[in-house]
Each structure stands twice: as structure tokens, then as C-alpha cells.
Amino acid sequence: KVVVGDQDGVITCFGIKKGEAVPVFKTLPGQKIARLELGGALNTPQEKIFVATGSEVRGFTKRGKQFLSFETNLTESIKAMYVWHISGADLFLCASYIYNHYCDCKDQHYYLSGDKINDVLCLPVDKVNCITPVLACQDRVLRVLQGSDLLYEVEVPGPPTVLALNSGNGGDSGEEVVYGTSDGKLGLIQVTGSKPIPKWEIGNEKKRGGILCIDSFDILGDGVKELLVGRDDGMLEIYNFETADDPVLRYDHALSESITSIQGGCVGKDGYDEILASTYSGWLTGLTTEPVHREDGSGEELKLSQEMQSKISSLRNELEHLQMKVLQEREKYQQSSQSSTAVSSVPAFSVNDKFMLNKDDASYSLILEVQTAIDNVLVQSDVPIDLLDVDKNSAVVSFSSCDSEPNSNFLLATYRCQANTMRLELKVRSIEGQYGTLQAYVTPRIQPKTCQVHQYQIKPLSLHQRTHSIDQDRPMNTLTLKGQFSFAEIHSWVVFCLPEVPEKTPAGESITFYFQNTFLGTQLESTYRKGEGCFKSDNISTISILKDVLSKEATKRKINLSISYDINEESVRHTLKLIHPKLEYQQLLAKKVHLIDALRELQVHEGNVDFLLPKYRSILEEADQLLEEYKRQPAHLERLYGMITDLFIDKFKFKGTNVKTKVPLLLEILDGCDQDGLIAFFEAA
């Protein structure tokens, strides 16, 4: 049997008989279901259904009878839930920052996390003999608890979105936890009583989506449980453990929308296991191990079995029936809308959106997913940003000219989607120091035409990403602020300036965050408390942006700041050395792309290219890749020029000199692209 909880608050339980879904029970709609877990006494079938809706937990039997309604004292909605049965039912619940452990509906333990909690689980108590909850937190940390206290933290390579026990039981020791991150990485950590032991980690080389769900199930029938993974770009993956060490990707299957849940089991036909996945708009998809083709003795595949053919034809009939029904309803709507008494109501639709910074190419991905097909998306921005190409995106984009002066409009672009697009992925790159709002107007294909607006903040230091530690040996510039401000006030300014900082003011007297600039690799350390803030970076421009924005924010609140800074001359040379290889690479790429047309013309005239120098021949051979790369990053070179110019202006701004008149000279030197000459110019100016 399969049980599903949906956004309308309905729990549906069904089985499959002869390829048809047979309902067991269905509940009435209510608040949306955030989590659904199965529970039951130890070593018995897990048949009790627990669901979290709002701040309440409900329990149902496998027949659909409600046996539990537990209203927690949480002020926010439950985001994550885990159920474990020892003597009674233990519920582990998490709202945004709060973790609560209840035993038989009595409050046992409580913990306040430093950042948002995305998932929770508890190590199997029968194996490890104590209750050990593990929280997956947005700040790239797994927090391991003991009672109401933090035992230790485990650093992971991305923001963890989902946790699962390895093989469903935590492995032999019961301490093995698999995690998946929002940037598509997977890993296994052994959570011992004293310290974490990392076992393996898989990066996201194929640039696939973030991981939303994980399950363990022996789908290949080899006696070892495989790892089933569902991603937010619709990729379903099966990893198996050929050797005992690292998992290997064995199968993958692309669905058209994000996978919200994945499970292995036997549903449709006795003797054949399946993988069941649910996707964002409410589809359930099954992948079976049942062979679709029959083979005769010689190993030749015969045509599809009779059963399969009848299945396909019944599906075709069902589709035709649905299409007819839609047409009839549409005509009915058109007729009723002509009458004078008709009232048009705005149809509600939910948009699943994600706006995140990619470390690899220092760009932001904006992913929009709607329950129905998207008609078009209009993107508007009041700060200069570049739209980058996305391979998976089949929508037609058109740009409108916009006037940036009176109403600060820098970008107006429309994406017109093809017939059945339910998920759209865009990529943008911002410029640090320019901050504002990016707006997406989403219009799905529903009647009457309705549009939803979603806003995304582009922060002053938008290309910075949180990191666990920084290199303390680099030459650093320091900015110190002092004034009559509270801890909460300076925290709100840092939230305004930098991405990935939790909105809630941290507990304690002071806090330190580390960041890395994803475009240049420079770093930032920010430490602050009530009345004082200290920011250190090896990039003068970062310090300059912080100084401008923080003083602006303080002025808005009529707070008097005393600002002091300590500039390290060596840091400018260090930053130039970081930028230079990127600059050289981009200039060379631009030169090569410039030559392609002329070389191709020569090739056409001469018939062959043997007379060309090897370096020109290689340009012709790689022409398509070069053009592709150049197209993917349209304004990359201008960005680098802009950063070097800012660095030049900022270096002298702190000395109180205006060097804007010397910028044309600097640009000439940049075209020559000689690192020593560039450093000499910075020092001589």
C-alpha cells in the first residue's frame, strides 16, 4: 500500500490491483501536510501514519482511523518530523529554528539552533542505547544533540536539506547518517558518541539539482541496499555499493518536475520491486523491475507483452477522455463568462521557487516551478545584472529596452515557455556593490489569466558565500565600527549586506561569520557584538562596499558611527594576483573567438588548413567549444575590468585621493595584460 500527503491537507492511501489504483481511504482537506512518516513498535511492521500539518501532529491507522491529534506548543509550523517507538511514541519535531522532543506527547527536550533546521532524525536507540538526534541546519552544519544540549557540530560541504539512516537502519553500528545538500552533494558520516567520522562524499560533477529526498532499498536484488536519490531538477538516481567504500551511480531517470519523495517497495505486482516517486504537481511515478519485453529462448526480444499493450491502450483512452473533459469545461467556462451575472475569481496556484548562489561559476540560479504549465515569466531588476545561458532552458527569451534613469530599471526580459513547461531555470550574475531587487512575474496557463510576483533581494556583497574557515595568513584590511547600536541592529545590517546569514539574531554576546567571494576567491571575516563590529578582508573593494552600506544604514536609523580602517598595501598586490589568471584566460578566449570567422573564411578559400600555424589550427578545431563558452559568460571580461577599476579607485579612496581621471590609462594597461606592469601602475599612481 502507498500513503501520500498533499498540499491540500489530504491523506490518500491506495493499493494497485491489475494495474489500477484501488483506494483504501482518503481524509478531508485541511492545512497543507509538511511531513508524513510511518511508525510502529520496534520489530513490527511500521503501519501507523503520522502527519505534521501547521503546528499539529495527527496519527492514523492503516485503515484510516484517527488515533492521535496532538497540538504542540510551537508558534511556527512544523518543518521537519521524525518518529521513533521505544516504550511509547517519540516525536522529534522542528520548526524554523526550534527543535522539540516529545515522548507520548509530553515535552522532553528543547534546543534553539543558530540557523534554520531543514531535517531531523534520531539514531536507532536499540543499537546505540541512547537518544541521539541529528539536525540538518542551513549553515552547512549537522548538529548532534544529547538531551537539550549540543554534543558537537559536523561541517558538511553544502546546506544539508535531507537526512537518512544508512541502509534504513544506520548500518551495523547504527551510527551512519547519509545527508544530501541543496547544491546536489551526497555524503555519509558516522556519528559516534564523541566525534564524527566522515566515510565518503560525492560531489555534483554533472551539475544536477539539489537533493530533496533519499531512501535505501535493495532494488537490484543483490542483497545490498541501494541508495535512491530524488533531486529538484527531476533527476532520480540509484547508487549501489559495488565495493564497500564509495557508492557508484548505476541508473538514473529524468522526470519533468522536482521529486518531493522517493521510496522503494513492492506495490504493483508480486515478485517485482518498484521505486515510487512523487513530484511537485502531484504525480506519482513508479519504476518497476518487471521486464517489459518477453524473451524467447534464443535471447531475441519479442514484441511488448499482451499485458503491456493493453496497459498502454487503456492509458491512451484515459488521456483522450481527460482531454475531452477539459475541452467541455473550457467551453462551459467561456459561455458562463459571457453572462452578465458571472463573477471571475482569481485562481490560487502555488509557486515553488529557489534563488541560490552557485559556487562554481559565481552566478545565481532562479528556479521557478508551478503546479500547472507556465505560460510566461517576466523578469525585472532595478540593479544591473547579466542573464546567463542555461542548457536545460528551452524557453524563448526576449529583452525589452528599459530606461534606467527615472525609475531605475536595468533589466526587462520575458521568457515564453513551450507547451508543457512546469519548471523554469534562469541564471543571473550580479555586480558586488550594486544592490536592489529582482522581480519575477509568473503567469501560468490558467483561465482567467493571473500573475504572481516573487521578489528576490540582491545584496551588496551578493557573490559571497558562507564558509567554515578562512586562510588567516593572507594580508588583510580591517574595518572597525563603534557606536550606540544593539547586537540586533548590527546583525540586521549584516543580514542586509551578505547572503546566507540567518535572519534571527544569534544567541550569545558576539558572533563570527566567515565568507568567501565565489568569483575571485577573496575572503571576509565579520565579528560583531553590541556597540562594536570588526570586518576583515583581503580585498579592499569588499571593505569599501561594507563601509558605504553600513554607514548608510546607520544614518537611516540616526545612529552615530565612528569608523576606523587599517589598509594593508600588500593586499592590493595579492588581490591582483588572484584576478590576473582569470583576466588572462578571458582575454585569450576573446582573442580566439575574434579570430574564428577569419580562419573559417581562409579554410573555405584554401580548401585545407595545413599551412596554418598549429595554434591557429587548434582554434579551428575547438571553435564550437570556444564559441559555446564565450556565449555562456557574455560579460565576463567586462566584469573583471570593472573589478580591477574598483580596486584601483577604492585603494586611493581610503587615502583620500580621487583617481578617476587615471582610469582610461589603467584600461590601456589592462588591454596589454601584463601582471607586473599592472602592479607597478597601482603602486606608482
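The values are calculated or read from the model by the stated rules, or taken from the named source; none is laboratory data. Quick caveat, the model's predicted, so the values are computed rather than measured. Cβ atoms come from the backbone with ideal geometry, glycine included; neighbour counts cover every protein chain shown. Only protein heavy atoms, including side chains, enter the accessible area calculation; ligands, DNA and RNA are left aside. Shrake-Rupley method; radii C 1.70, N 1.55, O 1.52, S 1.80 Å.
Annotations for the structure displayed:
- The calculated pair-distance distribution of the stretch 64-181 uses every alpha carbon pair, bins of 5 angstrom beginning at 0, and gives 2, 11, 22, 25, 20, 12, 5, 1, 0 percent.
- Here the dipole of the stretch 205-289 is about 260 debye; that uses its Cα centre as origin and unit charges on the Cβ of Lys and Arg (positive) and Asp and Glu (negative).
- Solvent exposure of the chain as accessible area per residue, Å², 1.4 Å probe: 51 Å²
- With Cα atoms, 0 to 90° folded angle of helix 623-632 axis to the chain main axis: 90 degrees
- Cross-link pairs exceeding 32 Å between alpha carbons, from the set LYS62/LYS504; LYS185/LYS552; LYS199/LYS359: LYS62/LYS504; LYS185/LYS552.
- Cut-off 10 Å between beta-carbons: net charge of the residues surrounding ILE117, Lys and Arg +1, Asp and Glu -1: +1
- Normalised Debye scattering of the chain at q = 0.09 Å⁻¹ gives log10 I(q)/I(0) of -0.97, counting only Cα atoms as equal scatterers and leaving out solvent.
- Two-decimal Rg/Rh across the stretch 205-289, once Rg and the Kirkwood Rh are taken from alpha-carbon atoms: 0.96
- Charge dipole (debye, nearest 20) of the stretch 47-186; +1 at Cβ of Lys and Arg, -1 at Cβ of Asp and Glu: 540 debye
- Positive-end residue of LEU589, SER618, LEU578, charge dipole of the stretch 568-648 with Cβ unit charges: LEU578
- Sorting the segments 176-183, 261-268 by their mean number of nearby beta carbons within 10 angstrom, highest to lowest, gives 176-183, 261-268.
- Chymotrypsin sites (Phe, Trp or Tyr not before Pro) lying in DSSP loop within the stretch 647-676, provided at most 14 other Cβ fall within 10 Å: none
- Against the chain, whose longest principal axis comes from its Cα atoms, helix 487-497 is set at around 80 degrees.
- Summed residue charge, Cβ within 9 Å of LEU388's Cβ, Lys/Arg positive, Asp/Glu negative: 0
- Acute angle (nearest 10 degrees) that the helix 540-556 long axis makes with the longest principal axis of the chain, alpha-carbon atoms: 80 degrees
- Put a plus charge on the Cβ of each Lys and Arg, a minus charge on the Cβ of each Asp and Glu, and nothing anywhere else: the dipole of the chain about its Cα centre is then about 2100 debye.
- Those trypsin sites (Lys or Arg not before Pro) in the stretch 204-243 that DSSP places in a loop and that have at most 16 other beta carbons within 10 Å: LYS206, LYS207
- Carbon + sulfur, % of accessible area of the chain - ligands and nucleic acids excluded, 1.4 Å: 50 percent
- With a threshold of 24 Å on the Cα-Cα distance, the over-threshold entries among LYS79/LYS106; LYS427/LYS459; LYS32/LYS206; LYS459/LYS536; LYS32/LYS311 are LYS32/LYS206; LYS32/LYS311.
- Computed Kirkwood radius, in angstrom, where 1/r is averaged over Cα pairs of the stretch 571-684: 16.2 Å
- Low-density loop positions, trypsin sites (Lys or Arg not before Pro), the stretch 461-531 - DSSP coil, at most 16 other Cβ in 10 Å: LYS504, LYS530
- Inter-part distance where the stretch 317-391 and the stretch 542-600 are each reduced to a Cα centre, Å: 38 Å
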